[in-house]
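Below is one structure, written out as structure tokens; the observations come after it.
No lab work stands behind these numbers, since they all come straight from the coordinates. What you see is a predicted model, and the numbers here were worked out from it, not measured in a lab. Positions of Cβ are backbone-derived with ideal geometry, glycine not excepted, and every protein chain shown enters the neighbour counts.
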Amino acid sequence: MNKPAPSRPPLPDAEPLLARLLDQMHAVVGPDTGLVGIHTGGVWIAERLHAALGIKTPLGTLDVSFYRDDFDQKGLHRNVKSSDIPFDVEGRSLILVDDVLYTGRTIRAAMNVLFDYGRPASIRLAALVDRGGRELPVAADFLGGAVTLAGSQSIELMRDSADKLLFKLHEN
């Protein structure tokens, strides 16, 4: 007799979550706000938000690989991207954008990178989805939605051939 497959939580649809983020950010984002996406999924989201919000300040991107506190355990990912902050961070209000908020360690690393560029007036966080499991006191100011996953599961933001955002579930 075959065992039934373990139940998988339904994954949220990423596009409505992005629309929810946009709705939350419209009233508080100005043309001089610095929007910074974390590679890779956070950059995809930030690109869409940047265009939809009409932000004049160029979009910034970050790779936190060298700033992670688990670098010595996990090593370097093979697809390290460059960070590019094409505006003055000093005294500017920033919004850091990530796809999946989990332990908070990526956000801590991203803030360390940002402070290497200067001292911003403020840093707020926008995340497409929060999967819980925080290890650091980090919370999103703007959040598309939440999902509950088993500790052995993770989700990854993907883009299809039409640039539509979608989530993929991984069993670790």
Just how many pairs of Lys in the chain have C-alpha atoms closer than 26 Å, counting pairs that are eight or more places apart or on different chains?
6
Rounded to the nearest 10 degrees, what's the angle between the helix 41-53 long axis and the longest principal axis of the chain, both from Cα atoms, 0 to 90?
50 degrees
Where nothing but the Cβ of Lys and Arg (+1) and of Asp and Glu (-1) is charged, how large is the charge dipole of the range 106-172 around its Cα centre, in debye to the nearest 20?
140 debye
Sorted by Cβ neighbour density within 10 Å, fewest at the top, the residues Asp88, Asp99, Asp130, Asp160:
Asp160, Asp88, Asp130, Asp99
At 222 nm, what value in deg cm²/dmol follows for the chain if DSSP H runs of at least 4 each add -39500 (n - 2.57) and the sum is divided by all its residues, to the nearest 500?
-7500 deg cm²/dmol
Quick one, which of (1) 124; (2) 110; (3) 137 is the actual volume of the Cα convex hull per residue in Å³ calculated for this model?
(3)
Name the residue, out of Ala146, Ala126, Ala51, whose mean-square fluctuation peaks in a Gaussian network model built on the chain with Cα pairs under 10 Å.
Ala51
Which of Ala121, Ala14, Ala109 moves the most in a Gaussian network model of the chain with Cα springs under 10 Å?
Ala121
Between Ile95 and residues 5 or more places away or on another chain, the pairs with built amide H atoms under 5 Å apart involve Gly34, Leu35, Val36, Arg124
How high is the FRET efficiency from Asp13 to Arg119, r the C-beta distance, R0 45 Å, rounded to 0.05?
0.75
So if I place +1 on the C-beta of Lys and Arg and -1 on the C-beta of Asp and Glu, and nothing else carries charge, what would the dipole magnitude of the chain be about its Cα centre? I want it in debye, nearest 20.
320 debye
